[in-house]
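The structure under discussion appears below in the form of structure tokens.
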Amino acid sequence: MLVPMARIAFVGLGAMGAPMASHLAAAGHQLTVYNRTRAKADIWLRQQEASTVRQHEASASAATPADAAAGAELVMLCVGNDDDVRAVVHGDDGVLATMAVGSILVDHTTTSAGLAREVATAGGERGVGFVDAPVSGGQAGAEAGRLTVMCGADSQADFERAHAVIDAYAVKCERMGPAGAGQLTKMVNQICIAGVVQGLAEAVDFTLRAGLDPAQVFDVIGKGAAQSWQMDNRAATMAAGEFDFGFAVQWMRKDLGFCLAEAHRLGGRLPLTALVDQLYAQVEQRGGKRWDTSSLVQLLREP
Ligand SMILES: NC(=O)c1ccc[n+]([C@@H]2O[C@H](COP(=O)([O-])OP(=O)(O)OC[C@H]3O[C@@H](n4cnc5c(N)ncnc54)[C@H](OP(=O)(O)O)[C@@H]3O)[C@@H](O)[C@H]2O)c1
């Protein structure tokens with residue numbers, strides 16, 4: 001599909017945001033970026049200048065989120081948590097201060113569903129559309145342009161405009177319902193992952209204690225019903241005790257907090273998710289806030 005060039009602001013050039021913004025620039029969109037730590041925006045701009053992919057328009061960086069958003073048709077966010085989104089959306093320096101009527105705010109941050117509805121309402125009062133669009137696929141997926149994007153939007157037309165540009169870094173991008181539905185779907189994703197990672201951690205520890213070769217074991221059982229993304233991508237590093245990469249435990253605890261609060265609100269129970277959240281709290285107590293989520297195995301290897 002031929003996508004017309006759009007003027008896009010991108011706020012938050014972290015592990016996920018930086019490669020996503022690069023894909024948008026490579027797709028020919030005109031980008032203005034903002035990052036709280038200015039040096040990261042400077043590094044990102046230098047990488048764009050050195051890129052071998054020919055871009056139609058040079059990208060630029062702005063001093064505030066509001067400056068980045070001025071004149072943009074779409075504003076994409078990828079920051080940390082609910083309060084971080086509020087910090088870049090509201091106030092004199094926030095993106096809503098300058099976003100034009102008819103423009104669209106897309107939030108790739110993983111947040112609560114309540115925050116998504118709150119920002120959708122604030123945008124709606126100014127004639128700005130909103131799409132909550134959390135992602136799955138990790139930093140590797142962002143770099144490869146192969147993310148899964150789960151969207152919530154009150155307007156199908158707003159979703160379709162966002163979808164057309166999100167395609168630059170997505171293998172799958174779908175509207176799951178009204179504002180907040182993307183975040184609820186991401187919660188389902190994290191509930192699935194929490195149980196699978198703990199199961200894999202126990203399997204890796206058992207394999208090593210039994211004196212089996214983990215490479216051989218996971219190659220063989222990975223062809224059967226036990227296969228998972230976590231097994232394919234994390235079993236070897238778990239067996240080797242390597243956790244200094246990937247999806248940080250602190251982000252997973254934030255996400256599991258959203259899941260537990262939402263389940264409580266819905267009158268449901270998440271006993272396994274609650275247990276895994278407590279195990280992650282123990283990993284944090286060992287200094288593992290920034291370790292990959294697969295570090296659950298360390299609690300078993302070094303009790
Ligand atoms: N990493 C993953 O594998 C992954 C996968 C799926 C979803 N996610 C979600 O994606 C989001 C971003 O994750 P990440 O791994 O890219 O995080 P990250 O590397 O820590 O980057 C966070 C970005 O947000 C900015 N930021 C944070 N708080 C801010 C504030 N109050 N005001 C302005 N800017 C702020 C940071 O700016 P500074 O540079 O100044 O710190 C940085 O650019 C999170 O919600 C996470 O849960 C991550």
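Quick rundown of the values:
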{"item": "Qualifying residue in the range 111-132 (condition: touching a helix residue (DSSP H, G or I) at 6+ places or on another chain (Cβ under 9 Å), open to solvent by less than 10 Å² (accessible area, probe 1.4 Å) and of a type in the set (Ser, Thr, Tyr))", "result": "yes"}
{"item": "From the options GLY152, GLY177, residue that is farther than 29 Å from TRP291 by Cβ, surrounded by 21 or more Cβ atoms within 10 Å (Cβ to Cβ) and away from the ligand (no atom under 14 Å from the Cβ)", "result": "GLY152"}
{"item": "From the options ALA235, ALA239, residue that is hydrophobic (A, V, I, L, M, F, W, C), in contact with a Pro (Cβ under 6 Å, 6 or more places away or on another chain), assigned to a helix (DSSP H, G or I) and more than 30 Å from GLY180 (Cβ to Cβ)", "result": "ALA239"}
{"item": "Scope the range 24-43; condition of a type outside the set (A, V, I, L, M, F, W, C) and either within 14 Å of the ligand (Cβ to nearest atom) or in a loop (DSSP other than H, G, I, E, B) (or both); matching residues", "result": "GLY28, HIS29, TYR34, ASN35, ARG36, THR37, ARG38, LYS40, ASP42"}
{"item": "From GLY141, GLY177, residue being farther than 30 Å from ALA63 by Cβ and in contact with a Leu (Cβ under 7 Å, 6 or more places away or on another chain)", "result": "GLY141"}
{"item": "Residue within the range 73-88 that is closer than 27 Å to TRP251 by Cβ and of a type in the set (Gly, Ala, Ser) present", "result": "yes"}
{"item": "Qualifying positions in the range 247-295 - within 16 Å of the ligand (Cβ to nearest atom), more than 25 Å from ALA15 (Cα to Cα) and among the small types (Gly, Ala, Ser)", "result": "ALA261"}
{"item": "In the range 217-232, the residues that are closer than 13 Å to VAL204 by Cβ and either open to solvent by 40 Å² or more (accessible area, probe 1.4 Å) or of a type in the set (Asp, Glu) (or both)", "result": "ILE221, ALA226"}
{"item": "Which numbered condition ALA133 misses (of (1) away from the ligand (no atom under 14 Å from the Cβ); (2) touching a Cys at 6+ places or on another chain (Cβ under 6 Å); (3) not aromatic (Phe, Trp, Tyr))", "result": "(1)"}
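Table: residues versus (1) part of a loop (DSSP other than H, G, I, E, B); (2) within 17 Å of the chain's Cα centre (by Cα); (3) over 20 Å from ALA162 (Cβ atoms).
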site	(1), (2), (3)
ALA15	yes, yes, yes
PRO19	no, yes, no
SER22	no, yes, no
GLY91	yes, no, yes
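The values are calculated or read from the model by the stated rules, or taken from the named source; none is laboratory data. Computed from a prediction, not measured in an experiment: that's the story for all the values here. Quick reminder, even Gly has a Cβ in these numbers, built from the backbone with ideal geometry, and neighbours come from all protein chains shown. These area figures cover heavy atoms from the full protein model, side chains too; ligands, DNA and RNA do not enter into them. Shrake-Rupley method; radii C 1.70, N 1.55, O 1.52, S 1.80 Å.
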